[in-house]
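Report on the following structure.
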Amino acid sequence: MATVQVSEAEKVYILHGIRDDLRVDGRGCEDYRHMEIETDVVSNTDGSAKVTLGHTAVLVGIKADIGKPRPLVPNEGYLEFFVDCSANATPEFEGRGGEELGTELSNTLYKVFNNKHSVDLKSLCICPGEHCWVLYVDVLLLQCDGNLYDAISIAIKAALFNTKIPRVRISTDEEGGKEIELSDDPYDCMRLNVENVPCIVTLCKVGHRHVVDATLQEKACSVASLIISVTHKGTVTCTRKVGGGSLDPESIFEMTEAGKRVGKALHAPLMKVLQQEEHLGKKKQKVGFLG
């Protein structure tokens, strides 16, 4: 994970500000930085999204491919995650540093998203035990300024909302074998229900308080963080503690409650923005380097 050096005087300044619910950039402890979301930004994918959170930028592309269901769940499809930590985002991502972080992020994303409570995996089944849709989710970290998990989860939810899977028809040949036919009509497609797809909220313990959407400077003052994935109903689907420090039970309870509150409030405006952008169609304005 990218880090910055912070002097003792800066740490005291940051700690005192957070104690009084006033962070360096003027936000409260449970406020996010300015966020920009674009969907359908990569032409050769079935769904894509770019999210900019402060100076953290993430690009997600999703490709749907036909594969074989897993033996334990023959009537479900599944998701595969690959995270590429670009060395352009921060020099610390060069070499094995980026590979280890990418593996760590991929494993966490797999636990958060690849289950029946987050995505309707049964809708990805084509023929039980024989064929299913596999969604390959590629995440590219373009710029790193803290809070990677939250930005990635929002980008994945936006990309899943944007994903269009071709309609499949199964026919039987003369010998009784099954043939799969994919529709070549771009409008004859299946869309995923992303209502239950969770968003990740990362809370960093700084001093005696916790903050949402920590910058790299605030992260340097943090002893430990709690990663919580929350659905639109406020249900926690996954929790994970990161960082070398420890968290007492009271802090974990307070951070979990704050994460549920923040995560639940995040879904409604996110879905509203995604639906508004989709209604614009080709009229929507491209921003950033993809414009």
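The values are calculated or read from the model by the stated rules, or taken from the named source; none is laboratory data. These numbers were taken from a predicted model, which means no experiment stands behind them. Virtual Cβ from ideal backbone geometry, glycine too; neighbours counted across all protein chains shown. Surface areas here come from the heavy atoms of the whole protein model, side chains and all, with no ligands, DNA or RNA. Shrake-Rupley method; radii C 1.70, N 1.55, O 1.52, S 1.80 Å.
Among residues of region 102-117 that are in contact (Cβ under 8 Å) with a residue 40 or more places away in the chain, those with a Cβ under 6 angstrom from a residue that is surrounded by 15 or more Cβ atoms within 10 Å (Cβ to Cβ), sequence gap 6+ or separate chain, pair up as Leu105/Val83; Leu109/Phe81; Lys111/Cys238; Val112/Ser229; Val112/Cys238; Phe113/Leu79; His117/Thr237.
The strands (runs of 3 or more DSSP E) located wholly in region 139-210 that include 1 or more residues which are over 30 Å from Glu104 (Cβ atoms) occupy 164-166, 168-172, 178-182, 189-191.
When region 173-207 is filtered for residues that are under 30 Å from Ala151 (Cβ atoms), basic (Lys, Arg) and touching a residue at least 40 places away in the same chain (Cβ under 8 Å), only Lys205 remains. Every condition in (1) open to solvent by 50 Å² or more (accessible area, probe 1.4 Å); (2) touching a helix residue (DSSP H, G or I) at 6+ places or on another chain (Cβ under 9 Å) is met by Pro198 except one, and the failing one is (1). In this entry, Leu101 is excluded by the filter for residues that are within 30 Å of Glu179 (Cβ to Cβ) and among the aliphatic types (A, V, I, L, M).
Looking at the structure I just gave you, is Ile170 open to solvent by 30 Å² or more (accessible area, probe 1.4 Å) and touching a residue at least 12 places away in the same chain (Cβ under 8 Å)?
Spelling it out, Ile170 is indeed open to solvent by 30 Å² or more (accessible area, probe 1.4 Å) and touching a residue at least 12 places away in the same chain (Cβ under 8 Å).
Working carefully through the options Thr231, Thr235, find the one that is under 19 Å from Lys111 (Cβ atoms) and at pLDDT 90 or above. Spell out how you get there, then give the answer.
Working: Thr235 fails: at pLDDT 90 or above.
Result of the check over Thr231, Thr235: Thr231.
Residue-wise test of (1) among the hydrophobic types (A, V, I, L, M, F, W, C); (2) open to solvent by 80 Å² or more (accessible area, probe 1.4 Å).
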{"position": "Leu216", "(1), (2)": "yes, no"}
{"position": "Thr237", "(1), (2)": "no, no"}
{"position": "Lys241", "(1), (2)": "no, yes"}
{"position": "Ser246", "(1), (2)": "no, yes"}
{"position": "Ser251", "(1), (2)": "no, no"}
{"position": "Lys264", "(1), (2)": "no, yes"}
{"position": "Met271", "(1), (2)": "yes, no"}
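Filtered by the rule that a residue be more than 20 Å from Leu140 (Cβ to Cβ) and touching a helix residue (DSSP H, G or I) at 6+ places or on another chain (Cβ under 9 Å), region 32-68 gives a lone residue, Tyr32.
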